[in-house]
Each structure stands twice: as C-alpha cells, then as structure tokens.
Amino acid sequence: MPAVSKGDGMRGLAVFISDIRNCKSKEAEIKRINKELANIRSKFKGDKALDGYSKKKYVCKLLFIFLLGHDIDFGHMEAVNLLSSNKYTEKQIGYLFISVLVNSNSELIRLINNAIKNDLSSRNPTFMCLALHCIANVGSREMAEAFAGEIPRILVAGDTMDSVKQSAALCLLRLYKASPDLVLMGEWTSRVVHLLNDQHMGVVTAAISLITCLSSKNPDEFKTCVSLAVSRLSRIVSSASTDLQDYTYYFVPAPWLSCKLLRLLQCYPPPEDGAVKGRLVECLETILNKAQEPPKSKKVQHSNAKNAILFEAISLIIHYDSEPNLLVRACNQLGQFLQHRETNLRYLALESMCTLASSEFSHEAVKTHIETVINALKTERDVSVRQRAADLLYAMCDRSNAKQIVAEMLSYLETADYSIREEMVLKVAILAEKYAVDYSWYVDTILNLIRIAGDYVSEEVWYRVIQIVINRDDVQGYAAKTVFEALQAPACHENMVKVGGYILGEFGNLIAGDPRSSPLVQFNLLHSKFHLCSVPTRALLLSAYIKFINLFPETKATIQEVLRSDSQIRNSDVELQQRAVEYLKLSSIASTDVLATVLEEMPPFPERESSILAKLKKKKGPGAVSVELEDGKERGDYLSHSNGSSTPSPSADLLGLRSTAPASGATPSAGSLLVDVFSEAGPSATSAGVNDDGFLRFVCKNNGVLFENQLLQIGIKSEYRQNLGRMYLFYGNKTSVQFVSFNTTVSCPGELQSHILQLEPLVEGGAQVQQVINIECLTDFIDAPLLNIKFRYGGALQNISLKLPVTINKFFQPTEMAAADFFQRWKQLSQPQQEAQKIFKASHGMDTEVLKAKLLGLGTALLENVDPNPENYVCAGVIQTKAQQVGCLLRLEPNAQAQMYRLTLRSSKDTVSQRVCDLLAEQF
Amino acid sequence: MIGGLFIYNHKGEVLISRVYRDDIGKGPFPNCFHKVGCTESYRMRNAVDAFRVNVIHARQQVRSPVTNIARTSFFHVKRSNIWLAAVTKQNVNAAMVFEFLYKMCDVMTAYFGKISEENIKNNFVLIYELLDEILDFGYPQNSETGALKTFITQTGIKSQSKEEQSQITSQVTGQIGWRREGIKYRRNELFLDVLESVNLLMSPQGQVLSAHVSGRVVMKSYLSGMPECKFGMNDKIVIDKQGKGGATEEQSIAIDDCTFHQCVRLSKFDAERSISFIPPDGECELMRYRTTKDIILPFRVIPLVREVGRTKLEVKVVIKSNFKPSLLAQKIEVRIPTPLNTSGVQVICMKGKAKYKASENAIVWKIKRMAGMKESQISAEIELLPTNDKKKWARPPISMNFEVPFAPSGLKVRYLKVFEPKLNYSDHDVIKWVRYIGRSGIYETRC
C-alpha cells in the first residue's frame, strides 16, 4: 500500500469503498472484492508484523465486505489483536468487528472475553464503555455468563464515571432481556434503585429503563423505587424549564425521563403512603394543568414532548383507576384532542379513551363525546383512526346508547374499509346481543348485518342468532317473519340463506297462517336459493326440507319430488346424497308420529359464553376487549350440545338429529360404525375423549379409576406431601390374553419432574400390575403430565395416551387462620393480576356437604366463621413447589336462587390464581 | 403469447417498456406494493417491479431464465448489463419466446451495434419502432434484419416513392419475405463460415464425461437476382445413401439435431435431406447443428494437484494439443482456480504468460499460438492462509479457451451450388470462400 497520512481517515478504505460504489455491475463488484480479499490475505499471511493502523484498515475493509453480504472466514485473530491496542480507534474497530462477526461458538471467545475483562477493569472510561457496548451488542448467553456478575458492580460502584454507569445500566438491561436467569440482582437491588437519586440525569434515564424491566418481573423486590420515582418526578415537573439545562427539550424538562418514570409507576398499584400519593397526585395535576397552558413554542417538537408526558400520565391515571377527579380531567383533556388537527393526536386520544371508557368513574364522561366519535368514524380519512373510533364506540356502549351506536356502526359498515369489516361485524353482533332489551331489535340488527356485510359475518354470528331465537319463545314468530321477508330479496347472502333455512325449518309454522307465506311459498322461496349455495348450506337446506315435511304434511309430495330428483339423490357430494337418500326414506317409511318425534323442535341451547366474544378476543388478543360480558367459562363450540366429538359438518349437528333420531341422521350411523371399527382395531381412538373429564374428576380426589376400555382398566391411588407426590397406578388386564411388550412412559412439562419405575413387559390375562410414579413439583404449572401406554394385544399394537391427574392444587398445604388474618392477607393480594374470578352456573346440586367435601378435597383448609355471609365458603392454603411457596386464598359464593356460583381466587402468583380458578370452576 | 416486453439496466430501471396485452398486470405480485382498485398503468408497473424485485435484485442470483411470479412468466436474457424480459400470463412456447428474444438482440445489434445502456437510451425511438414491427399483439413477426432495414432506417425520413412502397409491401407480405428482387452485383461472391464451439467435461483421469459440439454455418452472399442454392456437407445419412454407388473415403458425421434459416425448404430436407434455398442478401445464419459422436478434442489437459499441509498447495498442469502439426491453435487460455484462502502464488511456465488473478480467484495462463501435437506445462505453488472455517475446498474444474482452424465435429462442406436461370451467370462464375473455426465452449477438466 502506498504510504498515506496515518491519521484517522483511512485512505485505503475510502478508495476501496468508492471503487465498490463505482462498480457498474455485480460481477465487477465481486471481482473488486476478490482482489481486495486476496490482498488482505497476503498481508495477514504473517511474514512481517503489521502495524496497528494497517491492521485496523484491513479489518475495516473486511467488515465492509461482510456487510455487503459476502462471507468472511479469516481476520478474526487480527481483530482480537486490535482489542489490546491502546488507541481508541483501533480498539473501537476491533470491538465493532467482534460484535458484528464473531459467533458464540468460536474458539476465540476466550481471548475476546479476556480482552473485555481487561478493559472493564481498566480505569479508562472510554475503554470501559467500548467493552460494555460490545457485551450488549453481542448479548449472547456466553457473554451473560461471563459478565453478568461484573456489570452490576460497575453500575453501583461509587467511583464509576457517569457515562460508564449509563452504558452499564443499558448493557445489563440487554443481558437481562436475553437471559433473565443469569442476571441476578440480589444484593445490588437497593443500590440500583438508589440510582434514581443520582445527580446525573443521563444515569437516571438509563437506570430507569433497567429498573422498569426488572421490576415488571419481580415487583416486590423493587417496591422501594415507587417513592423515589415519585419524588424524582415531582422535582422534574415542578422545575422551571431552564433548571435542567441539557435535559430540557424545547422548553419541556426531561421529557424522556418523565415518560419513563410514569411508565415505571404503572408497574405498581397506587402508593399506600398518603404523603407519597398526595405528591404524585399533585404531579399528575400539574401535568394536566400544563397541558392547558399556551404552548411556549410553535415547534412541533415542543408539543410532541409535552403530549408524550401527558399521555403517559393519563395511562398512569387509568392504571390507578382510583381518582375520579383525575380521570374526568383526563377525559376532558382527551376530548379536546379528539378534534385536534394532528392525526396522531386524534388516534392516541381515541385509544386512551377506549381504556378510560372501561373505568366506572370516567365512563359517563367518555359518553359525552359520542357525537364527536361518531363523526370521526364517518369523516376521518385515516383508516387506523377510524378503527380506533369504532373501538371506542364499542367500549362506550351501554344500555342507554346501544341502539344509537349500533345503528351508527351498521350504517358505517356499508362504507367501511375492508380490513376492519370483520371486526366491526363481530362488534355489532356482540353489542346487539349484549344490550338487546327487545329481541326483535336484535334479530333485525343481525339480519341487517348479514345483508350489509354478509361476507364478513363469520359462522359464530349466525350460530348465535339461531341460538338466541331457539332459546326465546317470544321472538320466534317475529324472526320467522323477518327472515321470510329478507329472503325475498333477489340476491341474498349465503349466510342469510342459512339462517333462513334453519329458522323456517323450525318455526315456519308460526307464519304459515298468512296466505302470502303459506308452506309451499316458504318452500319454494328456500328452494329458489338452493342452487346458488355451497354444499354445507345445501345440506342444511335439505335438513330444513325434512323438517318442513313434519311441519306441513301438505308439502310432503313436493319435497319428496325434490329429494328424489337425480341432482339430489345422485349428487356427487356424499353428504348431500346421503342426506337426500335418508330423508327420502325417512319421510316415506316413518309414520307421522315417528316423524314428529324424530323431527321435534330443537331443545333450547344451554347458556354458554357467547362464542362471538371469544372470537373477538382471539382476534385482538387479551386485554383489547374492554367490555367484559361475564367471565368466560369453558370456551367451546356451543353448537355441539348434543355430543362432544367431532362432526363432519356443523349443520348436521345444528339440527340435533344425532341425539334424537339415530336412524335418520347422516352421521350417526356412520359414526357408530366407525366406533365399532375402532374398538376392534384398538381402543385408542375412543380413549382421548374419555380421559379429559376423567382428568377433571380427580381434581378434588386422589383415588379412583382413571381409565377403562374393553381391554384395560387403570386405577389410581396417589398421595402428596409438600412438593412431592407419589402415584400408584394399577393396570388391570380385562382380557384372557396376555399383553406383550407392555411399556409405559411419562412425559412431563418442564415444571414437573417425574420418576417412573418400569414394569415387566408381560401382563397376563386377568392380572393386575402396579406401577409407582414419583413426582416433584419444581414450580407452578398448567399442563398435566402425559402417560403413554403401549402394548401388543393379539398382535395389534395398542397405544393409549392419558393425562395424569396431577394438578397444581395437589401440592396445597392447608393453612388455618382467623378472620382478621384472612382479610388482611386478602387485601394484600389486591393487584388485578393476582386475582382470578369466575361466575358460572352450577352443574351439580348445591348440597352444602358435597361442596365442603370438594373444597377439602382440593387440599385447602376450609375456614369457618370468616366470611360475614355464612352461605359463603373461604379457604386458604399454600402451594408448595420446589422453587417457591405460593399462598392462595379462595372464596366461593353460591347463589341458590340463580343456581350460580362466584369463585374468587387470590394468590401471590397470577398464573396460580388463574389455573386453580379454572380447575375449580369445573367442579361444581 | 408474449404479453409485454421490458428492457432493464443493471440497476433494474426500465429503459424500454412495451405492453401488448393487459393481462400481465393482474398480479398480485409478492413483495410489490399494490393497492386495491388502482389504475391499469399502475398495475403494469407491478409486473415491471415484480421482475426487478424478484430477479434483478434477488438475494440469491436467479439462474433460471424463466421465472414464475404470481402466475406470470418472465423470460429473460441478459446481454452484458442489460436485461431483456418477455412477460406473459399464458402458457407459451418458451423456446419460441427465447428464439424471439435472441432474434431481437440480433436485430438490435445489426442496427446500432453493442447492446448497452448507452446505446439503448440513444436509440429508444428506433427500438420502439422495431418492436412495433417484429411483435404484433404478442405474436412474433418478420424479424429478418435485411428485410427490416428496407423500411426501418436510421437515416432520417426519406420519402419513398409509390413504387418503392408497394415493392416493400409486396416483398414483406410475399412468399420470399427475406430477399427483394432485382439485386445486382458485378462480382458474385459467397462466403461460408463453419463456426463451432466444442464443449467438454473430463475427469482427472482423462475420461470424457460429456462432450458435444454446437455449430453454425454462417453465409454471407453477394449474388445477383434470385439464385437458387444447394448446400452439401458430409452428413452421414446422405453419404451412406450415395455410398452405395461410389466408394467414398470421406469421413461422414452424424448430426444429432439441426435447425435452419427460414429460407431453407424444409419439405425438401425432409424428403431428400438436401438443403436448398434462396439466400437472403448479405449475412445470414444458414443452419445450426449439434453433434456428440466422434468429436476431435483439440486439447487434452492433465492436472496434478497436491496439498502440502494446511498452508500450501502445489499444482502442475500439462496441456497437449491433439491435431495436425501443420495447424496452429490460437488464443489459448487455461484457467486454474485457486482456493478462496489463497494468500500468495508463485508460477513457473515454459511457454506463454501466466498470472494469478486475485479478482477471479484463478491462475490464468495465456499462450498466443500453439501447433498441433505439442505439449506444454505450468507449475504453481499456492500459499494458503489458515482459516477457522472447516469447509473443504470444492476444487472447481480447470477450464480452457482456444481457437482452432478446423471443425472439431469433423464437418466438411462438400459443395454449394448456385443456380440462377434468369440471369446469365453459372455456378462456376461465383467465387466461393469456405472457412472453418473451432472455438472452445465450456471446456473443462476436473482436478
């Protein structure tokens, strides 16, 4: 290389880069790179030592080549050598190369770690920063293992420079995010929290990011940060705009820091200390006041910074949800933003208002903005803002304004953007159902919905309308009439045909009196749509026809004619053909009485959670739906009320033919045939379904029969102590033939550990063998371990998978306590995520003794004379796991009139509350 | 049929865009921004962008000449830095599309020389004019340069007389569209070039793994009137047929497949296997053919590679020429690939010049001339830089370029007879020149 000025500018590098940029084609570029690589290789060959400058230059070139997308397989050693240089630029390039190119399994990692260690222990702040940045950039597990102990020490050491502290805090944050188990704060916790008091604002800003992350994982350890954060916040808020000098951004004092502080506070419940709370409320008020002040600058940065703090403050207010005054003020402030010029502000205002609407204090205040929001929905140009407006409308809806809002949303739906239509449809359907005073209004709304946006109406929506019509006697006639009218439109959506077919099939008789809708007219109307529909709809229509035969014997001849036609009875679709054949036979063979029994009106559906809501939840993720109808019970397809197993088409099940008429339905005969086939081949096909409720039976008891089929019976006996359990499984061979290569395995979720004692591979006919499984609970868990049993019976391999009835409550240790004690603990566990609540209908009798036995069986202590209402039950227990003990309080409030229960669980760990609550809700 | 034709530069910018059918815009193309309800021209942009994003700027180099994106086929050829892409939504004959693209390249070269971005930008009016002529609603039309040059000229607007115009019309639409009537030369001359490229892949032990020759017979004719020509060569089938009568010592060759210029009467070829035609004026490619049997391999490469430890490699390559000593091969170039971690190379060669070209990761050995039945050798020491990569060097084959003055397939021109009954010159009056050139195609030996 020619001798160039050995300053910071590397001329060779600049020339190389400009050469590359001037390349006309990819080929030319590759040629240039190959040439350069050969040059670098010849330099690195090691004949003569290179000086630091050229080493740096070549490493830089390699880096550049790598970033262009070419493989680099040498030069690592030179880069590592650069690390030990004393020149900043050389060290910097070395670190850069390492963070970009070195992968963790390289053998160089030891050398690199050594160099980093040297730099960390040097007194030179820039070198320390470089090393920290490298650790953070690589951020691998190995890095965390090597340095997770070192960095907190640097972070809290008194003599560390401020800039290094900042880097250390952020580096630690990165490591913590990558591998949380390796970063243990332990003894450093309080000193890290006290960084909030640091003189240097930069350090505080960096530290607060770390603290926010750490405290969201273990809030208890960092509790002390609340008061410190509040005082810091109040100092910033009350400072004049010039006080903070470097940290004042367009007249706003330390906006980033304020936002982060406010966000940190959102990890915690409102401070209990009155003084701290007062100070915080004062701060929040000041922030709200400042929002009203005229802007100090016309610059957009000024208003952005100000609004950022304001929005963060508002979300804190919403999070606390305890200061009516502040909530209303926040709402008013947001109301002003609703008509702001800035689209982003409108969006954010709508979004925040959504959450405000769910608070009881501010719900009314939000409602005052209804006109503005509706206007936004109609006139807003940005689709995402319109979406927020729709969300807010949904959130602010209640009985008083439901009709207005639903009407507005329906009318908007006609012009709505395609991307949000499906969600809008779901929301309209939910609101209509939830706030329906008058079910004819509900039916109208949903039919309108199908008419306007049929393509976006999912199955759940029309299932739901049918369910409601079936369950409500008063609306059936009206529904039949409306559906009949709707079907008269020349072009109907298929969903409309489905609803029409179903409802007319059930309740067509209610409108048959009118000559304009005589049975034959009804039938012809339905049949005119038949050929335009898809196969499932046609299947449904066929079922509707057979129902017509029952309802109106006078249509029998016409319908039989239709069923007999080649296009039905020889349809290429098996389902349709089978239905046509079977319905035809049924109608011609069965007497009227039989027909009437078989095709009886559908029984009412059991009340379940609206599956529409479940769908909306699934679509948007938890938390997005701010209006809770009621706490969800087991989510399931409410259509499968007759039998739980899979159905080939929903419409078959919808008509309930399976349970009422075994001979008539298309599926039952095939289904039972299948069962027979399977029971010959192997019982595994039927086992899965049986076990699930078998599993639930064992939540409150420890002994019993876990599983049984034609071949095998499995009994279970289990005992638990602390976090350990022992389970005895008894396998009984019910046949007279021996089972060969009998083998069992247990697959545990990670939170459990199990040890299984293996058995002899032979089980004689009629014999019983015993197997012991030892279980250790490491930490709380949800999934039960799976027991897999394999054996050969008469040559055929049998495979059975069972859920072992190991549930979290098995590790309960009962705790007795007095009333005062109980309520004190109850209050301590007041955070929303610590509580799990369910309201559900009793599925068994509400016998007191049975209830008590079940609660005791759960493993908790039943506390007498604690709850003021003697009807209620309260229990307490501690779940013992290896990692920790989780205290758990339970309250069960039966309501004998409504046959309902309310179950509330509070525990120090949210997953535990939720799991125990889920388990227990299935038991009563 | 071809829905559209685009020419891109190496950056993927569109230089020429001609759309023949609307269907090609109806993506939806992945990776391309598109909106519901946009205009037709906007959608067309999508097709254009799709090719740019998915082929020209693709992460991995796209090697297939046909790319299917969202049910739309893109056929491309690349000339230096220029991409020509034909786009279609239909199930077209891919060979036809490529033939057309090559023809188009030929036409453009004939009009303005090398196909480069500069030239295309300078001639874009001409190119659109040509495209109008050679492609109609996506169907290829007459793309004979000679014929095109009669009515698409570069010399500004020259108002043609009625007669001239009607003459052009009758010629273009007539039976012999490639030659106009009334051509007169004082000296009737005819040049015939047999150009062949020989392809080879050989194992290190000298076993032929695959070899074929693809050749072209290019004819340049300056003949008066409408001469009827007949071309004869040592085609095995023809020789065998004649062989029954008289004894021939001539070697005959087996042609695997061949294609002809449109002027050749195919019916006659099918029936009698004789090649007769009325040639276009000037240059044309009379036929293309391919042979795989009895190929004369002009050079033999004997490689010897020895790895000495992890940091050194010794290479010795011997080349032997394998043809008559009186003939001279030219422009010989042997390319010996070097490993990717080469840090230095020392070369010694007896003849020619050898150099390590780092930019191509190869040692290039050039010899200007070499007579037949000779031998020459090169030896090189390659120093390697130890890497932490455990990948072994893949040892790409040694490739070779050369030019020899004979046809490696063994093809010989036996005769080319010219008959022009209307004018008074006979076959003997025509001056004929025949030249054979054999070049290397992909001529590789594994090492």
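The values are calculated or read from the model by the stated rules, or taken from the named source; none is laboratory data. The structure displayed is predicted, hence computed values, not measured ones. A quick note on method: Cβ atoms are made from the backbone with ideal geometry, for glycine too, and the neighbour counts reach across all protein chains shown.
Listing for the model above:
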read-out	value
Qualifying residue in the stretch A:49-59 (condition: within 23 Å of B:THR342 (Cβ to Cβ), crowded, with 21+ Cβ neighbours inside 10 Å, among the basic types (Lys, Arg) and away from every other protein chain (no Cβ under 14 Å))	yes
Selection count, the stretch A:417-462, where residues are within 14 Å of chain B (Cβ to nearest Cβ) and not in a helix (DSSP H, G or I)	1
Some residue of the stretch B:303-325 being assigned to a strand (DSSP E or B), within 14 Å of another protein chain (Cβ to nearest Cβ), more than 24 Å from the chain's Cα centre (by Cα) and surrounded by fewer than 19 Cβ atoms within 10 Å (Cβ to Cβ)	yes
Among (1) more than 29 Å from A:PRO125 (Cβ to Cβ); (2) out of contact with any Leu (no Cβ under 7 Å at 6 or more places or on another chain); (3) at pLDDT 90 or above; (4) within 14 Å of chain B (Cβ to nearest Cβ), the one test that A:PHE66 misses	(2)
Any hit, the stretch A:399-407, residues being surrounded by fewer than 24 Cβ atoms within 10 Å (Cβ to Cβ) and touching a residue at least 40 places away in the same chain (Cβ under 8 Å)	no
Number of positions in the stretch B:413-444 that are within 32 Å of the chain's Cα centre (by Cα) and of a type in the set (S, T, N, Q)	1
A:ARG21 being more than 9 Å from chain B (Cβ to nearest Cβ), at pLDDT 85 or above and loosely packed, with under 14 Cβ neighbours inside 10 Å	yes
Neighbours by Cβ (under 8 Å, 6+ apart or cross-chain): first from the stretch B:9-20, away from every other protein chain (no Cβ under 14 Å) and closer than 18 Å to B:VAL62 by Cβ; second part of a strand (DSSP E or B) and at pLDDT below 90	none
When residues of the stretch A:892-908 are limited to those that are in a strand (DSSP E or B) and of a type in the set (A, V, I, L, M, F, W, C), the one nearest to the chain's Cα centre (by Cα)	A:LEU905
Options A:CYS888, A:CYS875; residue that is under 16 Å from A:PHE924 (Cα atoms), part of a strand (DSSP E or B) and under 34 Å from the mean Cα position of the chain (by Cα)	A:CYS875
Residue in the stretch A:157-179 that is surrounded by the fewest Cβ atoms within 10 Å (Cβ to Cβ), counting only those that are under 25 Å from A:LEU261 (Cβ atoms) and at pLDDT below 85	A:GLY158
2 or more residues over 35 Å from the mean Cα position of the chain (by Cα): qualifying helices (runs of 4 or more DSSP H) within the stretch A:176-294	A:201-217, A:225-238, A:274-292
Residue list for the stretch B:326-364, restricted to those being among the aliphatic types (A, V, I, L, M) and away from every other protein chain (no Cβ under 14 Å)	B:LEU327, B:LEU328, B:ALA329, B:ILE332, B:VAL334, B:ILE336, B:VAL347, B:ILE348, B:MET350, B:ALA354
A:GLU78 being free of Cβ contacts under 8 Å to residues at least 60 places away in the same chain, under 22 Å from B:PRO386 (Cβ atoms), in a helix (DSSP H, G or I) and at the interface with chain B (Cβ under 9 Å from one of its Cβ atoms)	no
Members of the stretch A:107-127 that are within 14 Å of chain B (Cβ to nearest Cβ), assigned to a loop (DSSP other than H, G, I, E, B) and closer than 14 Å to A:SER84 by Cβ	A:LEU108
Residue identified as without any contact (Cβ under 8 Å) to a residue 24 or more places away in the chain and either buried (at least 22 other Cβ atoms within 10 Å of the Cβ) or of a type in the set (Gly, Ala, Ser) (or both) among A:ALA489, A:ALA544, A:ALA557	A:ALA557
Top-ranked residue in the stretch B:372-403 [being assigned to a strand (DSSP E or B), more than 12 Å from every other protein chain (Cβ to nearest Cβ) and in contact with a Ser or Thr (Cβ under 7 Å, 6 or more places away or on another chain); ranked as surrounded by the fewest Cβ atoms within 10 Å (Cβ to Cβ)]	B:ASN401
Some residue of the stretch B:404-411 being in contact (Cβ under 8 Å) with a residue 24 or more places away in the chain, over 28 Å from B:LYS184 (Cα atoms), crowded, with 17+ Cβ neighbours inside 10 Å and out of contact with any strand residue (DSSP E or B) (no Cβ under 8 Å at 6 or more places or on another chain)	no
Selection count, the stretch A:583-602, where residues are under 28 Å from A:ARG464 (Cα atoms) and either in contact with a Gly (Cβ under 7 Å, 6 or more places away or on another chain) or outside any loop (DSSP other than H, G, I, E, B) (or both)	6
Residues (of a type in the set (A, V, I, L, M), over 15 Å from B:LEU385 (Cβ atoms) and in a helix (DSSP H, G or I)) located in the stretch A:22-64	A:ALA28, A:ILE30, A:ILE33, A:LEU63
